[in-house]
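K.L.:
There's a structure below that I have some questions on.
What follows draws every value from the coordinates through simple rules; no lab data is involved. Just so we're clear, the structure is a prediction, and the values are computed from it rather than from any experiment. Cβ placement follows ideal geometry from the backbone for every residue including glycine, while neighbour counts extend to all protein chains displayed.
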Amino acid sequence: MYSNESYLLELLQEAQLVTPAAMEDVRHKKKSQESTIEALLSLNLLTDETIAQTLAENAGMDYVDLKRLDVNPAVAARLAPDAAVRFRVVPIAEGGGSLVIAVTDPLDFDALDSLRHVLTVEPEFVVASDSAIKQRQLDFYASQLDSDQIAKLDSQAIAVTEGAAGEGGDAPIIKMVYQILQEAYQNRASDIHIEPTENDMRVRYRIDGALHKVQSHPLRLLASVISRIKIMTGSMAISEKRLPQDGRIQAKFGAGDLDLRVSTIPTSCGESVVMRILDKSSLTIGLPQLGFFSDDQANFEEIIRLPDGILLVTGPTGSGKTTTLYACLNAINKPDRKIITVEDPVEYLLSGINQVQVKEAIGMTFAAALRSILRQAPNIIMIGEIRDLETASIAINASLTGHLVFSTLHTNDAPSAVARLADIGVKKFLIASAVRAIMAQRLVRGICKDCGQPTEIGLKEIRSLKLTEEQLAKAELKQGVGCRTCRMTGYKGRMGCFEIFNITEEVRLLINGDESTSGLRRRARELGMRTLREDGIRKVLSGKTTASEVIRVTMADD
């Protein structure tokens, strides 16, 4: 860690900063690969600020606290990132024809001499702590360093700073961000929202589809928190605050791996960041866990085992369409079938399945990927979303030539998908020939099993859901009263409400005859299709969710 560790240890002992007892303790506890200084730091017998102050005094240099110093990024850019990391330094100020450079080790005379040859101006050296310099290197150079350099700097900065925090210092930004991620993970959040308001920085978690405000912090911390998150992605530019950016974070909490999709956007009060937590448990979810009743599940299993055709899953963003498609693939993923997916982005890696990432910037669109994968002779194709005529046409041609195709559309109900495909230019006779079924879905919160109790339903809800006396007589209505398990909400977990529209021979004739969406919907119901609300009502009457939840997500059925 330091060029002359034995001399540094002598300085520390002379200053009575390290006692003989501490040295004895280190000899017994330090790891084989660990230096004595590293061991003293890891055991909290020494801080790197103390080391920096001791070295500065010995070298006749000034000590600076970089954590409290406002450094212009343009000044830091006066030195190439690779050189800054190699020499363990960072430029912090300029003026009078010289460049002030904070160094970790003033005893490393070779490094200081090399810097004089690298720079075009005379350097003036000051000393700062090792962790502070590494953190500033991450702040200024992360977008220009490779992933190995970033990981090394990041781990060292975290290790030293968390050690200092354990001694009772102020909780650093690193620790704050770590705690936000950890708490979100423990509370089963699907999203983390960090947003600036006029007065503070607000932290909210989306749990079971509902947003909960959990923390507020001073607005002055926002820039540091956002920078820390960008550093963790290893791909986002810290200095770019004017344009939206996307990245990804992989973290580990105990035995659990956390995968986050990060999105930032500039607002009038500062940058806002949303981190989508990608729940890997959805990789192994089966059809029963989606919330199907046995009759709908049997119908759906028949559809996904057809040899060809298209199954469309529809609904708004956040309605669980991707999870349903993954459950379909899990159910039919067998060694004798080749499955290829085209996704934007590929959120989870599925064992035994070939997954293709869309990259529109280089021309790898959904349509371009589909044209190529058809030459790979797949049995089953999953398309993340049908967005345009070209993608829809290739998907339909694939289905008509013996492939089973799964995809999604953004429509409010199942019969509307026919009109949506027609709107983007697909001929009605092709829709009738290729599509085997359309399923609309919504997610409702499930009643907490720990605090769910029998309840009665209000008159307003009875009227809204049009419940009959016969239905109420057989109902097992429940309501969660709130407990620690569900954060006093009464709900835990979510399930789907489904509307399955089977494209029968009669429905094909109606589509070819240019039947309206309302006409298709009316005839589908006559043929036995349950609407989203009707499926939701079944879940209310069986005590799985509440009337208010079903009314909330199926208001379009009123």
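K.L.:
Would you mind getting me the FRET efficiency between residue 468 and residue 242? Use the beta-carbon distance for r and R0 = 35 Å, nearest 0.05.
P.N.:
0.05
K.L.:
Restricting to bridges with both residues inside the chain, how much of the DSSP beta-bridge set is antiparallel, in percent to the nearest 5?
P.N.:
Around 65 percent of the beta bridges assigned by DSSP in the chain are antiparallel ones.
K.L.:
What's the extension gain from residue 298 to residue 525 if we count 0.36 nm per residue and subtract their Cα-Cα distance?
P.N.:
79.9 nm
K.L.:
Additional query: Given Cα pairs under 8 Å that are at least 6 residues apart, what percent is the relative contact order of the chain?
P.N.:
Relative contact order, the chain: 9 percent.
K.L.:
Express in % the proportion of alpha carbon pairs of segment 228-354 at distances exceeding 20 Å.
P.N.:
57 percent
K.L.:
Now a separate question. Mind ranking 317-329, 444-456 by how tightly packed they are, going by the mean number of other C-beta atoms within 10 angstrom, highest first?
P.N.:
Top to bottom by mean Cβ count within 10 Å: 317-329, 444-456.
K.L.:
Give me the extension gain from residue 346 to residue 518: residue separation times 0.36 nm, minus the current Cα-Cα distance, reported in nm with one decimal.
P.N.:
58.4 nm
K.L.:
Wrap a convex hull around the Cα atoms of segment 407-463, take a quarter of its surface area, and give that in square nanometres.
P.N.:
6.9 nm²
K.L.:
For the chain, with only Lys/Arg (+1) and Asp/Glu (-1) charged at the beta-carbon, what is the dipole magnitude about the Cα centre, in debye rounded to 20?
P.N.:
Taking the Cα centre of the chain as origin, the dipole is about 2560 debye.
K.L.:
OK, next. Given the -39500 (n - 2.57) contribution per DSSP H run of 4+ residues, what per-residue ellipticity at 222 nm results for the chain, rounded to the nearest 500 deg cm²/dmol?
P.N.:
That calculation yields -11500 deg cm²/dmol at 222 nm.
K.L.:
Rg and Dmax of segment 1-144 over Cα atoms: what are they, in angstrom?
P.N.:
15.9, 51
K.L.:
Sticking to Cα atoms, compute the Rg of segment 366-458 to one decimal and its Dmax as the biggest Cα-Cα distance, whole number, in Å.
P.N.:
Reported Rg and Dmax, both Å: 18.3, 58.
K.L.:
Can you pull the one-decimal nm distance between simple spin-label points at residue 221 and residue 400, each 7 Å off the Cα toward Cβ?
P.N.:
6.0 nm
K.L.:
Can you work out the FRET efficiency for the pair residue 65 and residue 250, with r the C-beta to C-beta distance and R0 = 45 Å, to the nearest 0.05?
P.N.:
In this case the efficiency is close to 0.90.
K.L.:
Grab the alpha carbons of segment 1-77, take their convex hull, and tell me the volume per residue in Å³.
P.N.:
Once divided by residue count, the hull of segment 1-77 is 125 Å³.
K.L.:
Starting from 0.36 nm per residue, how many nanometres of slack lie between residue 34 and residue 213 once their C-alpha separation is accounted for?
P.N.:
Stretched fully, the residue 34-residue 213 segment lengthens by 60.2 nm.
K.L.:
Continuing with the same structure: Just the number: Rg to Rh for the chain, Cα atoms, Kirkwood Rh, two decimals.
P.N.:
The Rg/Rh ratio comes out at 1.09.
K.L.:
Could you check the spin-label model distance between residue 21 and residue 77? Points 7 Å from the Cα along Cα→Cβ, value in nm.
P.N.:
5.3 nm
K.L.:
Output the peptides 270-276, 9-15 sorted from most to least packed, where packing is the average of other Cβ atoms within 10 Å over each peptide's residues.
P.N.:
270-276, 9-15
K.L.:
So what is log10(I(q)/I(0)) for segment 83-139 at q = 0.13, 0.18, 0.25, 0.27 1/Å, when the Debye sum runs over its Cα atoms only?
P.N.:
Scattering profile of segment 83-139, log10 relative to I(0): -0.28, -0.54, -1.03, -1.18.
K.L.:
Still on this structure, I have one more. Rounded to the nearest 0.05, what FRET efficiency do residue 334 and residue 188 give with R0 = 45 Å and r taken as the Cβ-Cβ distance? Could you check?
P.N.:
0.90
K.L.:
Still on this model: When you take every Cα atom in segment 308-451, what is the radius of gyration, and what is Dmax, the widest Cα pair distance, in Å?
P.N.:
So, for segment 308-451, Rg and Dmax equal 15.4, 54 Å respectively.
K.L.:
Arranged from highest to lowest average of other beta-carbon atoms within 10 Å per residue, in what order do the peptides 51-61, 513-523, 353-363 appear?
P.N.:
51-61, 513-523, 353-363
K.L.:
Would you please calculate the Kirkwood hydrodynamic radius of segment 286-348 over all C-alpha pairs and express it in Å, rounded to one decimal?
P.N.:
13.0 Å
K.L.:
If the reach is capped at under 17 angstrom between alpha carbons, list the aspartates and glutamates near residue 29, excluding any in the same chain fewer than eight residues apart.
P.N.:
Within the straight-line cut-off, residue 29 pairs with 38.
K.L.:
Rg to Rh ratio, segment 412-558, alpha-carbon atoms and Kirkwood radius?
P.N.:
On the Cα set of segment 412-558, Rg over Rh gives 1.08.
K.L.:
Please state, as a whole number in µm²/s, the translational diffusion coefficient that the Stokes-Einstein equation yields for segment 315-375 at 25 °C and 0.890 mPa s, with Rh defined as the Kirkwood radius across alpha carbon pairs.
P.N.:
Calculated translational D: 192 µm²/s.
K.L.:
Quick check: pseudo-label points 7 Å beyond the Cα along Cα→Cβ at residue 427 and residue 476, how many nm apart are they?
P.N.:
5.2 nm
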